[in-house]
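Here the structure comes first, spelled out in structure tokens, and everything after it is commentary.
The values are calculated or read from the model by the stated rules, or taken from the named source; none is laboratory data. For clarity, every value in this text was computed on a predicted model and none was experimentally measured. We place every Cβ from the backbone using ideal geometry, glycine too, and count neighbours over all the protein chains shown. Areas reflect the complete protein model, heavy atoms only, side chains present, ligands, DNA and RNA absent. Shrake-Rupley method; radii C 1.70, N 1.55, O 1.52, S 1.80 Å.
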Amino acid sequence: MMAAANDAVPGSSDQEETLRRIEGYLNAYPGLRSRVSRLLLLALHSSGHVRIEDVYRQAQRAEEWSLPSDPNRPSSRLWGAEEREVLALLAIKLAAEHLSPTEVDEIVWSAHRRDEAQSLEALARAPDIPLELLADKVNQFAALQADDEPPLGTPDEAEGTRVALIRRFISDRLDYIAVAKRFLRVRDMGPILDRALTTERGQGRVGGKAAGMILAWAIQQAAEDGEEAHLPDTAYVLTDVHEEFTSINGLGHLEHHKYKPIQEVRDEFTAIREIFRNGEFPERVVDHMRAELVRWGEVPLIVRSSSLLEDNYGSAFSGIYQSLFVRNRGPLESRLDELLGAIAEIYAAVFSADAVQYRRRHNLLDYDELMGVMIQAVVGSQYGRYFLPTFAGVAFSRNDYRWSSRINREDGLMRLVLGLGTHAVDRVGDFPRMVALAQPTLRPETTPDAIQETSQKKVDVIDSDGMGFERVPVGPVLEAMRDTGIGDLVSVRHPDGTLAQPVGTRVTAPVSDLCVTFDGLLGRKTFPKRIQAVLRRLEAAYGCPVDLEFAVDQDKLYLLQCRPLGTIDSTQRVRVPAGIPRPDRIFSARCDLNSGYLRGIEYVVLIDPRDYKKIETVDLRRELAHCVGRINDALADRVFMLMGPGRWGSQDIQLGVQVTYADICNANVLVEIAREHDGYTPEPSFGTHFFQDLVENRILYLPLYPDDLRVEYREEFFEQGPNALEVISPRDAHLSDLVRVIAVNEVRPGRRLDLALDGDSQFGLCYFA
């Protein structure tokens, strides 16, 4: 703190020490002479020791000193070099008389930091400065900063430097910068730059997914009451590597691929992917990759996309690009080839039908999409042959899956799984634990039988003795984890069919009697409250709802991904009309509904679950998915409803048609039909990547249970009238026994088919208006 005006004047010994320090600093940093003298004057003026105008009068000839009287004239003439030197000497003399050595230390050190900050900002803004030089400068500056000091000299200087660095190698999106500049500190950026793999030019960025992950961590670190969160051990392959890879392999002509008809994009992608996998990387990048592998050792890795467009406001690209697990075992050069092949495959995904169609739907097709890549050590521990985190999941700051009136939308939702988090976000035909964060013990299921039926049956792991990433039965995994304590993760099934939480963390019951419930973890409510606090902090910073992917291992919380969340319009109030005659009621639904209304459905596309179940070959089921994609293309400008078995896009082809985003993105409504005699209960769609894509595209979604006695399902509507499949997609006419395309105007000429979904009353009706 500066001395107050009435403080005692420093003694002669202090004055001598102050003068000695000032002269020592100016000899060490001659470039700071004018800045230090100005700061000394400002400090003297602020503490009331002198008035600046009096010092200026002394430095200039008195007759030439005057305060401005005419606002349209300059205040005074420019100072000459001699007068500036006189002013500096006066400032030094007065500082020695009135300021302590400690106060001078603070002033000079502040000037030094400001000079370093301005130099760093200039480097960040310079277009041709290699990233290694910038990284050295960032680390050099971070060494000047103590943990308890403000980030830089003044708020405006701090903000300018942070913005320049963020724009240089993280993101140039203004909406991102507006948030990130408040939380990312200069010293946070050094470790990122140290692990950046880039070309000699060093002009790339980390990409959207990496940017979101880094920002979520910084926001959590900035919270005074926030619990510690971690980032995985990560190397960042910047977007300029993708650019150079394209150049040295002569792949620039593929930039026009995205403008082709979508069926051509589908047909050509397999060949494009193989071309990329056999491409050459810049030698410099290969050397850096090899060094990273040596540093990591033989630990499982995951290679994750991080395109410039990913995880942005309004374009999350949920599940559009891949994440590839790399086993990373064996000789170094074999591991290197495997890693480079995975990166190349992610580069190729820019030309996939899903990515192209997504960019078309979001008016991003003309954007020059470049791909960053994150290479991360998989979060987890080794349990026998299996490597996995204790648990993982995805959490949402808003809950659009409310199975009880006690659940509030603003309290958030979590999908929790044992093992790798892919099991929580992919459509795998298995069940996560659905957790309402404010009511963590309140389940959608109400009976022990229902809880067991909807408990997790398989676990995503890295199998060290197998092929790497595997989806394995839960029993062997629980057995392998038993010695570390699994009491918080499971319940024990008793002979009478009831479930009970085990006493303590050590469980002795056979795994055949165990059921993954997370009841111990959720019963204490500590972890749900922790995740809810993180989500609220992130939503407040982003200014919109968010979703967060995470993993927990050895009680450490790792943040894996964060992005703005596409949400359903909760303000929309839909009333289902009353008095619709029975012949005009096509079907109704009574559970898991969000509000929405669609007027004038022109086509209904139906794959009946009973017909799908009879299909004997995987090839025919895959052909059915391709057929749906072609119908989706043909009806791109029409209003149509897509109805099919089980779970659209399921990775288990037995449970649903294995479509991807590009095959269904033009639909206006997606209906998932579950028949009682199919022998399974579909897992909840809410919270999967697939579901988030539906929300972003404003595609209405509803599950339909025709055998539920509370609902209507007018079978004859779907059976009457001609099948328009041959007209819509002539190539698929041979599939007319499996796929029905109903032209509504041909079935009911002059009538309009509407769909009304009331999320508040959990009632929906498709009807002729």
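Taking into account only those residues within segment 365-376 that are of a type outside the set (Gly, Ala, Ser), in contact with a Gly (Cβ under 9 Å, 6 or more places away or on another chain) and assigned to a strand (DSSP E or B), which is farthest from Leu293 (Cα to Cα)?
If we filter segment 365-376 for residues that are of a type outside the set (Gly, Ala, Ser), which is where we start, we get 365-371, 373-376.
Those still in the list that are in contact with a Gly (Cβ under 9 Å, 6 or more places away or on another chain) too: 370-371, 373-374.
Among the residues that remain, those that are also assigned to a strand (DSSP E or B) are: 371, 373-374.
Details: Met371: 21, Val373: 15, Met374: 14 Å.
The selected residue is Met371.
For Ala634, indicate whether it is crowded, with 17+ Cβ neighbours inside 10 Å, out of contact with any Asp or Glu (no Cβ under 9 Å at 6 or more places or on another chain) and of a type in the set (Gly, Ala, Ser).
yes
Contact list please: Cβ distance under 9 Å, first residue in segment 10-24 and within 16 Å of Ala91 (Cα to Cα), second residue open to solvent by 60 Å² or more (accessible area, probe 1.4 Å) and at pLDDT 75 or above, pairs at least six apart or on different chains.
The qualifying pairs are Leu19/Lys93.
What number of residues within segment 409-460 satisfy the criterion of being outside any helix (DSSP H, G or I), over 25 Å from Arg530 (Cα atoms) and among the aliphatic types (A, V, I, L, M)?
Residues that pass the stated criteria total 1.
When segment 473-506 is examined, which residues are found to be surrounded by 18 or more Cβ atoms within 10 Å (Cβ to Cβ), within 28 Å of Val299 (Cβ to Cβ) and among the β-branched types (Val, Ile, Thr)?
Those that are surrounded by 18 or more Cβ atoms within 10 Å (Cβ to Cβ), within 28 Å of Val299 (Cβ to Cβ) and among the β-branched types (Val, Ile, Thr): Val474, Val477, Ile486, Val490.
Collect the residues in segment 461-472 that are in a strand (DSSP E or B) and open to solvent by less than 30 Å² (accessible area, probe 1.4 Å), keeping them in residue-number order.
Of everything in segment 461-472, those that are in a strand (DSSP E or B) and open to solvent by less than 30 Å² (accessible area, probe 1.4 Å) turn out to be Val461, Ile462, Asp463, Gly468, Val472.
So is Arg621 charged (D, E, K, R) and surrounded by 20 or more Cβ atoms within 10 Å (Cβ to Cβ) or not?
For Arg621, the condition - charged (D, E, K, R) and surrounded by 20 or more Cβ atoms within 10 Å (Cβ to Cβ) - is not met.
Which condition from (1) over 30 Å from Thr517 (Cα atoms); (2) under 21 Å from the mean Cα position of the chain (by Cα); (3) open to solvent by 10 Å² or more (accessible area, probe 1.4 Å) is the one that Leu324 breaks?
(1)
When segment 252-287 is examined, which residues are found to be open to solvent by less than 50 Å² (accessible area, probe 1.4 Å) and more than 29 Å from the chain's Cα centre (by Cα)?
Gln263 - this is the single residue of segment 252-287 that is open to solvent by less than 50 Å² (accessible area, probe 1.4 Å) and more than 29 Å from the chain's Cα centre (by Cα).
Does Tyr558 fit the bill of being among the aromatic types (Phe, Trp, Tyr), open to solvent by 10 Å² or more (accessible area, probe 1.4 Å) and at pLDDT below 95?
Taking the combined requirement at face value, the residue does not satisfy it.
Arg182: part of a loop (DSSP other than H, G, I, E, B), open to solvent by 10 Å² or more (accessible area, probe 1.4 Å) and closer than 29 Å to Ala551 by Cβ, yes or no?
In short, yes.
Among Arg304, Arg290, Arg284, Arg295, which is over 26 Å from Ile177 (Cβ atoms) and touching a residue at least 60 places away in the same chain (Cβ under 8 Å)?
Exactly one of Arg304, Arg290, Arg284, Arg295 is over 26 Å from Ile177 (Cβ atoms) and touching a residue at least 60 places away in the same chain (Cβ under 8 Å), namely Arg284.
Suppose we filter segment 730-742 for residues that are hydroxyl-bearing (Ser, Thr, Tyr) and open to solvent by less than 10 Å² (accessible area, probe 1.4 Å); how many remain?
Residues that pass the stated criteria total 0.
Give the number of residues within segment 435-450 that are hydrophobic (A, V, I, L, M, F, W, C), closer than 22 Å to Ala500 by Cβ and surrounded by 20 or more Cβ atoms within 10 Å (Cβ to Cβ).
Within segment 435-450, residues that are hydrophobic (A, V, I, L, M, F, W, C), closer than 22 Å to Ala500 by Cβ and surrounded by 20 or more Cβ atoms within 10 Å (Cβ to Cβ) number 1.
If you check Leu87 against the conditions, is it at pLDDT below 75, surrounded by 17 or more Cβ atoms within 10 Å (Cβ to Cβ) and not in a loop (DSSP other than H, G, I, E, B)? Let's see the steps before the verdict.
Values: at pLDDT below 75: no; surrounded by 17 or more Cβ atoms within 10 Å (Cβ to Cβ): yes; not in a loop (DSSP other than H, G, I, E, B): yes.
The answer is no for Leu87.
Just to confirm my filter: which strands (runs of 3 or more DSSP E) fall fully inside segment 510-609 and include at least 3 residues that are closer than 27 Å to Trp403 by Cβ, touching a strand residue (DSSP E or B) at 6+ places or on another chain (Cβ under 8 Å) and touching a residue at least 12 places away in the same chain (Cβ under 8 Å)?
514-516, 546-553, 556-564, 585-589, 596-598
Among the residues of segment 340-356, which ones are open to solvent by less than 10 Å² (accessible area, probe 1.4 Å) and among the aromatic types (Phe, Trp, Tyr)?
Passing the criteria: only Tyr347.
Quick grid of which residues meet (1) in a loop (DSSP other than H, G, I, E, B); (2) in contact (Cβ under 8 Å) with a residue 12 or more places away in the chain:
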{"site": "Gly319", "(1), (2)": "yes, yes"}
{"site": "Leu324", "(1), (2)": "no, yes"}
{"site": "Arg335", "(1), (2)": "no, yes"}
{"site": "Glu338", "(1), (2)": "no, yes"}
{"site": "Gly341", "(1), (2)": "no, yes"}
{"site": "Val350", "(1), (2)": "no, yes"}
{"site": "Val356", "(1), (2)": "no, yes"}
{"site": "Asn363", "(1), (2)": "yes, no"}
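Of the numbered conditions (1) at pLDDT below 95; (2) touching a Leu at 6+ places or on another chain (Cβ under 9 Å), Arg167 satisfies every one except a single condition; which is it?
(2)
Looking only at segment 187-246, count every residue that is among the small types (Gly, Ala, Ser), surrounded by fewer than 17 Cβ atoms within 10 Å (Cβ to Cβ) and without any contact (Cβ under 8 Å) to a residue 60 or more places away in the chain and tell me the total.
Counting residues in segment 187-246 that are among the small types (Gly, Ala, Ser), surrounded by fewer than 17 Cβ atoms within 10 Å (Cβ to Cβ) and without any contact (Cβ under 8 Å) to a residue 60 or more places away in the chain gives 1.
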